[in-house]
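Encoded as structure tokens, the structure appears first; notes follow it.
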Protein chains: 2
Amino acid sequence: METAEKIELKEVYITSDFWNNYRELVVKEVLPYQWQVMNDTANVAISADPQNNGRDKNSHAVANLKIAAGEMTGHHYGFPFQDTDVYKWLEAAAYSFSYHPNPDLQKITDNLIELIASAQDDDGYLSTYFQIDAPERKFKRLQQSHELYTMGHYIEAGVAYYQSTGNELSLEIATRMADCIDSNFGNDENKISGYDGHPEIELALSRLYEQTGQKKYLALAKYFLKERGKDPEFFDEQDRVDGWDNDILPGMRDLPRSYYQAAEPISEQKTADGHAVRVVYLCTGMAYVARFTGDEELLAACHRFWKDIVRRRMYITGNIGSTTIGEAFTYDYDLPNDTMYGETCASVGMAFFARQMLKIEPKGEYGDVLEKELFNGALSGMSLDGKHFFYVNPLEADPIASRGNPGKSHVLTHRADWFGCACCPANLARLITSLDQYLYTIEGNVILSHQFVSNEATFGDEVKIAQTNNFPWDGNIHYEIKDERHIPFTLGIRIPSWSTNFDFRENGRKVRHPVVDGFIYIEISDSTTIDLDLDMEVKVMKASNRVASDFGKLAIQRGPIVYAAEEVDNSAPLWLYKVTPNAETTYKFNDSLFNGNGVGIIQIAATKETLEKDGTPLYREATTQEENSVDMRLIPYYAWANRENGQMRVWLNEK
Amino acid sequence: METAEKIELKEVYITSDFWNNYRELVVKEVLPYQWQVMNDTANVAISADPQNNGRDKNSHAVANLKIAAGEMTGHHYGFPFQDTDVYKWLEAAAYSFSYHPNPDLQKITDNLIELIASAQDDDGYLSTYFQIDAPERKFKRLQQSHELYTMGHYIEAGVAYYQSTGNELSLEIATRMADCIDSNFGNDENKISGYDGHPEIELALSRLYEQTGQKKYLALAKYFLKERGKDPEFFDEQDRVDGWDNDILPGMRDLPRSYYQAAEPISEQKTADGHAVRVVYLCTGMAYVARFTGDEELLAACHRFWKDIVRRRMYITGNIGSTTIGEAFTYDYDLPNDTMYGETCASVGMAFFARQMLKIEPKGEYGDVLEKELFNGALSGMSLDGKHFFYVNPLEADPIASRGNPGKSHVLTHRADWFGCACCPANLARLITSLDQYLYTIEGNVILSHQFVSNEATFGDEVKIAQTNNFPWDGNIHYEIKDERHIPFTLGIRIPSWSTNFDFRENGRKVRHPVVDGFIYIEISDSTTIDLDLDMEVKVMKASNRVASDFGKLAIQRGPIVYAAEEVDNSAPLWLYKVTPNAETTYKFNDSLFNGNGVGIIQIAATKETLEKDGTPLYREATTQEENSVDMRLIPYYAWANRENGQMRVWLNEK
């Protein structure tokens, strides 16, 4: 019976103005721009971020591949994982073809596949840094080499490109890489009992398994997860053999083992520690393998890390990573807003993790976090012109502080042209171009619609769901469902945790359904319309009072959008403003702001202390300070730093 | 006429219980303990502070001198300025003889002088690092070498030891050093047109001039001040000649020139930038030279830097240095409480600067800051047992944060046994043992009594001033003045800025004198008693609202003492407490606390939010949180971290 009812997603076509804006921006601006950068033909300033001081002005990423392929001579330039810039770009381009066929671009990407194939060694190995400049060190310093990370990124791109274009070579490169890794890693004699310092290969191999059905790739992914941290000395031992001081990335050896999630086996790790991107890539890999294998230990680790991140270590915008030192998590409830990291890649990775968890179990919390990342933490990484990027996404910034206090020098208050370590721009691009893959989860005869992104989706040949809305600005979500099979199936619609109230109509009639783990389930057996009215009231939010940095502060949210105050709208200093939990607020969509992109603006009644004179005594007996009533104007967090450089803060002082 | 009335300070004998406690502690605990450490016979854990990770467990400071003297063989160990630990200790010991004659210790120090003399080169040079391991690099890398800094510290010690004991050799070593420097530095051909990366020699040469009357030392001090920053390339050029990568202190070359106050001539430096200790040592040197030479440019720089530090860059406790990166000032009004530096040495140096400014002009502000350092910022550097020390003095600390957030790893929440870079312990010791020199300033026939430290002082042969009080716990300051000369003189008594109200009696009669620049002036021509009743009300203090980190926060002060809440008295987390500007407070002296040292305790009415449950949603709509009325118990800031390890904060949330 169940098999008869099994539904398969065939196609999703996004119709959301909000997202199509971004998706076209990626096609028209981001992809061409990034291609130029990677080919060193763009006139850009490559930003020196704190992890990347003093690097110079080219990417050399395509050149590295050409040298490895024998088409050019010279040395490798850039980070050992420089190749991944190309692969993530390729993956983003592959997804874009699904909504924006682009023969010119596809000529470029087809040629790129040829180039990559030609750069690949006979045994399937591909990491241009080692091929060009250090062939004797292949797999010899995995703590720093990023070799499996790099190949993992290609495998993801290769699978996506094959799925999008049918290009067999792109998949073949991926399987040859995976076979190379398989023949080099494992517990057999003559193999390396180890893993990469940067998780990624685990999720890539899972995707390759998903595509090819080849169980050895799944087994290898699982092997890496189970091997990790078993021998905490593994990296040190490799470093000693390779030459203790012979670092590929200076300074990395000094980071604690937990930075690499390699201090103990995953099953024994209680908290989400270390480099935030590594953690969420690892979690995504674990969720894939847990789903495909039913491994309880890995599933338990997914739950444990999810809970620790989401309940104790995540900013209200979905950003993660509380310190620049190691771009890492720190400790539970430590969420400083001005010295934080909040890397764009970490939010993108968190979206990956959430998506995989949704495939394991239908819990609204996963959809909530995915939505939070999409509309806030991840999206903030790109400017509205598609040409400038944040690596670090703070919740409180001040150009004077970034310039004047070295503990905040990693916090940029304007997006950069590019980065020497350019992981973020293409990572965000691939999330945006693949957004259609993030809207539905199907299990048996249950379709979960967990994101409010207008779209038209076809399931099998006969089920069509059209979702129309003006989300995130308006809360009425309209569904038209056509089921020409007339076989009942279940549609689960997520009720976001921020929507305290909502109104639910089926074929125009108000219906009360229970909310089960964040979803309402409706049996559908015929053409049906659904109207969900979400709660779009402006909400004044508070953090748990376990968070010292947010104590006595309030943040403003409407729907999934977290708001921020910018100096361009509110005269500095922003810390002088105070709001109350029941402050009067007005919401208005402004379609002229941000070059006509339009955003919903919130005004909130506040008071502002008069700034004291410069040079008067620093400390004095407390007396009441003069205050004025003012209105603050707030913009969506994702849209900050698109106008004049200035202060920004999400958390406002509570009066 | 004026010469006839000129008064000279002959002797000050401190009778204050509060301070004699510390002064005896230095004699009984600190000096013997530090001597053991420097001789590597103490069983201590040398703390790895963030500037000093991974150093091991000995000081080797005396051994370095023995090697240089030919009494031992081996290599130099420790920092290039390791010698200064010995010199500051020697200086502290020298001062202690004035109130605690100590023939056993003097045998040790006399022998130490012999050792130092024997380590000194024929030309007067003495810096054991260079003598032992890098003689070819003498004066070749002044950015990092600390050679003049090191010899400056000896010169200070040598002068003090000569003044205290009459030991001619100790002064001779100092003059030979100064002559060595004089023959090597200057704008003549064949001399080095440059200066040391760490100011200190300027103040040391001034002291040597003061002792010997030799104008060449004053001229040399002035030369270094005027030369500084003239050629901003100076250090870089030396580094290039010495071998660009051939660092003595790795990483120092990356610091900006402002770190060394070498980016531009002092006359052009508008703000107090760079390494805080360097700044205040430089300022002290400038104040000395300005006083002795009348140089207007240097005096203007003293005023400019003083104002910038005191009005914009100083914590309420007197601590300075807002960032651990470069142990430095950041920018005006940037005073983070939990990531700050607040080095003990910087507070000691600020006391030096204040003392010199008082000698230039009678302004109460200088006395206020000196007092603030004595009772708060500097004093906090030592435990009540005299055996544990703070390098960093935060205003907000949490052991969990120090362990868990690498941006706070420099903040210790317990004082350390010793430091690899051990500048602070002996620096504080020499301040405490020389405290008698900080109480009076004399100009012509005016005696300024600017500190409330019980003492008996003799001026010339016939004027005696006895000050008795129980300060800082009680505010009645009693003076008995005997003038057997019967020649009128003026006594200026400081009215602290924290004493809004006061009561002033002369020979029992209430008198109203105007307060002129922080002082009351009384003409004395006979035996007189004065009773000054200071305002010892508990004050709830606020910072200028230009200070973002203190906005919405209150600090508690009584007299000169700034108070702090500790977890041992107030259940954590401390950020959940709120107080109001008019909160009820009670003050009580508790003589059993802190091993019978006794401290004044403040109770303040507060509310405390109930801590939310772990693992509940991080963010939620703002509602009122349950609060309880509680009393907070506050202890003096200087006394924190003498009991159980735990949270501490000076700035409490304002309700």
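The values are calculated or read from the model by the stated rules, or taken from the named source; none is laboratory data. Please read these numbers as outputs of a predicted model, since none were measured by experiment. A quick note on method: Cβ atoms are made from the backbone with ideal geometry, for glycine too, and the neighbour counts reach across all protein chains shown. Just so you know, the surface numbers come from the protein's heavy atoms only, side chains and all, with ligands and any DNA or RNA stripped out. Shrake-Rupley method; radii C 1.70, N 1.55, O 1.52, S 1.80 Å.
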*What does the charge dipole of chain B about its Cα centre add up to, to the nearest 20 debye, if the Cβ of each Lys and Arg holds +1 and the Cβ of each Asp and Glu holds -1?*
1040
*If you add up the charges near B:W473, with Lys and Arg at +1 and Asp and Glu at -1, over every other residue whose beta carbon is less than 11 angstrom from its beta carbon, what do you get?*
-1
*Size of the dipole of the range B:538-654 about the Cα centre, Lys and Arg at +1 and Asp and Glu at -1 on the beta carbon, nothing else charged, in debye to 20?*
460
*Given the range A:17-245, what whole percent of its Cα pairs are spread farther than 24 Å?*
46
*Can you run phi through the Karplus equation (6.51, -1.76, 1.60; θ = phi - 60°) for the range B:66-76 and list ³J(HN,Hα) in whole Hz, with x for Gly and Pro?*
5, 5, 4, 7, x, 8, 9, 10, x, 9, 5
*asked:* Longer than 18 Å from Cα to Cα, which of A:K553/B:K608; A:K138/A:K191; A:K408/A:K578; A:K408/B:K578 are they? Say none if no pair is.
replied: A:K408/A:K578; A:K408/B:K578
*What are the residues of the range A:602-647 that lose 30 Å² or more of accessible area, with a 1.4 Å probe, going from their chain alone to all protein chains?*
A:E609, A:L611, A:E612, A:D614, A:G615, A:L618, A:Y619, A:R620, A:E621, A:A622
*For the range B:441-534, state the semi-axes of the equivalent ellipsoid (square roots of 5 times the eigenvalues of the alpha-carbon gyration tensor), sorted largest first and rounded to whole angstrom.*
20, 14, 13
_Gyration tensor (alpha-carbon) shape descriptor, the range A:246-402, a/c threshold 1.5_ = oblate
*Which ³J(HN,Hα) values, rounded to whole Hz and listed in residue order, are derived for the range A:116-128 from phi using the Karplus coefficients 6.51, -1.76 and 1.60 in 6.51 cos²θ - 1.76 cosθ + 1.60 with θ = phi - 60°, glycine and proline given as x?*
5, 4, 6, 7, 6, 5, 4, 8, x, 5, 8, 7, 5
*In terms of the Cα gyration tensor, with a ≥ b ≥ c the square roots of its eigenvalues, is the protein assembly as shown rounded because a/c is under 1.5, prolate because a/b exceeds b/c, or oblate?*
prolate
*Inter-probe distance in nm under a simple model that places probes 7 Å from Cα toward Cβ, at B:E456 and A:E361*: 8.1
*Between copies, how close do the B:P581 label points come, placed 7 Å along Cα→Cβ, listed in nm from shortest?*
2.5
*Expected 222 nm ellipticity per residue - DSSP helices of 4 or more, -39500 (n - 2.57), all of the protein assembly as shown, to 500*: -10000 deg cm²/dmol
*Under a 1.4 Å probe, what is the accessible area of chain B per residue, stated in Å²?*
35
*Would you work out the charge dipole size for the range B:239-327 about its Cα centre, treating the Cβ of every Lys and Arg as +1 and the Cβ of every Asp and Glu as -1, and quote it to the nearest 20 debye?*
500
*asked:* Once the label point is set 7 Å along the Cα-to-beta-carbon vector, what list of distances in nm do you get between A:D517 and its counterparts in the other copies?
replied: 7.7
*Work out how much length B:Q214 to B:T293 would gain on full extension: take 0.36 nm times their residue separation and subtract the Cα-Cα distance, in nm to one decimal.*
27.1 nm
*Using a ≥ b ≥ c from the Cα gyration tensor of the range B:344-413 (square roots of the eigenvalues), is it rounded, prolate or oblate, where a/c under 1.5 gives rounded and otherwise the larger of a/b and b/c decides, a/b for prolate?*
prolate
*Take a quick pass over the range A:206-329 and tell me how many lysine pairs come in under 17 angstrom between Cα atoms, counting only ones 8 or more apart or on separate chains.*
6
*asked:* Rg/Rh for chain A to two decimals, with Rh computed the Kirkwood way over all alpha-carbon pairs.
replied: 0.97
*asked:* How far apart, in nanometres, would the label points at A:D517 and B:A605 be if each is projected 7 angstrom from Cα along the Cα-to-Cβ direction?
replied: 5.2
*Which one of B:A93, B:I192, B:G124 has its Cα pushed farthest toward the positive end of the charge dipole of the range B:17-245, where Lys and Arg give +1 and Asp and Glu give -1 at the Cβ?*
B:A93
*Roughly how big is the B-A contact, given as buried accessible area in Å² (both sides, 1.4 Å probe, nearest 100)?*
4900
*Report the convex hull volume per residue for the range B:388-517, counting only C-alpha atoms, in Å³.*
179
*First compute the accessible area of chain A with a 1.4 Å probe, then give the percent of it belonging to carbon and sulfur atoms.*
46
*Label points 7 Å out from Cα along the Cβ direction at A:D236 and A:D104: separation in nm?*
5.6
*Which of the residue pairs B:K66/B:K387; B:K28/B:K482; B:K482/B:K510; A:K510/A:K542 have a Cα-Cα distance greater than 24 Å in the structure shown?*
B:K66/B:K387; B:K28/B:K482; A:K510/A:K542
*So between B:N21 and B:S183, what do we pick up on full extension, going 0.36 nm a residue minus the alpha carbon distance?*
53.9 nm
*Towards the positive end of the charge dipole of chain A, with charges on Cβ (+1 Lys, Arg; -1 Asp, Glu), say which of A:L491, A:V453, A:L335 has the farthest Cα.*
A:L335
*For B:D631 and B:R403 in the same chain, what is the full-extension length gain: residue separation times 0.36 nm, less their Cα-Cα distance, in nm?*
79.2 nm
*What's the FRET efficiency of A:E264 with B:N43 using the Cβ-Cβ distance as r and R₀ = 22 Å, to the nearest 0.05?*
0.10
*Check each residue of the range A:558-576 and keep those whose accessible area, probe 1.4 Å, is at least 10 Å² smaller with all protein chains in place than in the chain alone; give them in order of residue number.*
A:W575, A:L576
*Nm distances between the label at B:D474 and the same-position labels in the remaining copies, 7 Å along Cα→Cβ, shortest first?*
7.8
